[in-house]
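The structure appears right after this line, and notes come after that.
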Amino acid sequence: MKLTPLNIVVACFLTWIVSEWGNAQLRLEWWQVVLFLVVISLADVVFRLFVKDLKKLWINEIGFILVSGILVIVLKILWR
């Protein structure tokens, strides 16, 4: 299994979830965590199927992470 940016995101997310699990400010349900992990894993598989070159895979996945992050921020601002 090759290391990709989406794998790094999953590892960081799981580390954050484990470290904050007992915190009252963490407002994530278990199904939200599972849904996030499934979506990211499926995105990683789709990228691996369509992009064979490792350098292009990294660039595409980093772009996906950036666009997803920007969309989440915009949606949070709009639904405030």
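The values are calculated or read from the model by the stated rules, or taken from the named source; none is laboratory data. Keep in mind that this is a model prediction, so the values were computed, not measured. Every residue, glycine as well, gets a Cβ built from its backbone with ideal geometry; the counts of neighbours run over all protein chains shown. Keep in mind that these areas ignore ligands, DNA and RNA; they rest on the heavy atoms of the full protein, side chains included. Shrake-Rupley method; radii C 1.70, N 1.55, O 1.52, S 1.80 Å.
Mind listing the phi-derived Karplus ³J(HN,Hα) values for region 26-38, rounded to whole Hz, using 6.51, -1.76 and 1.60 with θ = phi - 60°, and x for any glycine or proline?
With coefficients 6.51, -1.76 and 1.60, one gets 6, 9, 10, 8, 5, 6, 5, 5, 5, 4, 4, 5, 5 Hz.
Using C-alpha positions alone, give me the convex hull volume of the chain per residue in cubic angstrom.
102 Å³
Using DSSP to define loop residues, name the trypsin sites (Lys or Arg not before Pro) in region 36-74 whose beta-carbon has at most 10 other beta-carbon atoms within 10 Å.
Lys52
Using a 10 angstrom cutoff on alpha carbons, build the Gaussian network for the chain and name the most mobile of Ala43, Ala11, Ala24.
The residue with the greatest mean-square fluctuation here is Ala24.
For the chain, modelled as a Gaussian network with Cα springs under 10 Å, which listed residue fluctuates most, Trp21, Trp30, Trp58?
Trp30
Modelling each spin label as a point 7 Å along the Cα-to-Cβ direction, I'd like the Phe36/Asn7 distance in nm, to one decimal.
Each label point is offset 7 Å from its Cα along the Cβ direction, giving 2.1 nm.
Can you give me the % of accessible surface on the chain that is carbon or sulfur? Probe 1.4 Å, all protein chains present, nothing else counted.
About 73 percent, which is the carbon plus sulfur part of the accessible surface.
Leaving out ligands, DNA and RNA but keeping every protein chain, what accessible area does Phe13 have, in Å² rounded to the nearest 10, with a 1.4 Å probe?
40 Å²
Given Cβ point charges of +1 (Lys, Arg) and -1 (Asp, Glu) and nothing else, what value in debye, to the nearest 20, does the dipole of the chain about its Cα centre take?
Dipole of the chain, to the nearest 20 debye: 220 debye.
Run the simple label-point estimate for Trp79 and Val67 please: 7 Å along Cα→C-beta, distance reported in nm.
2.0 nm
Could you name the lysines whose alpha carbon sits less than 21 Å from that of Lys2, not counting residues in the same chain fewer than 8 places away?
Candidates past the 8-residue exclusion: Lys52, Lys55, Lys56.
Obtain the nm distance between the two label points defined at Leu26 and Lys52 by a simple spin-label model: each point lies 7 Å from its Cα along the Cα-to-C-beta direction.
Modelled inter-label distance: 4.2 nm.
Defining a contact as two alpha carbons under 8 Å apart and six or more residues distant in sequence, what relative contact order in percent does the chain show?
It comes to 44 percent, rounded to a whole number.
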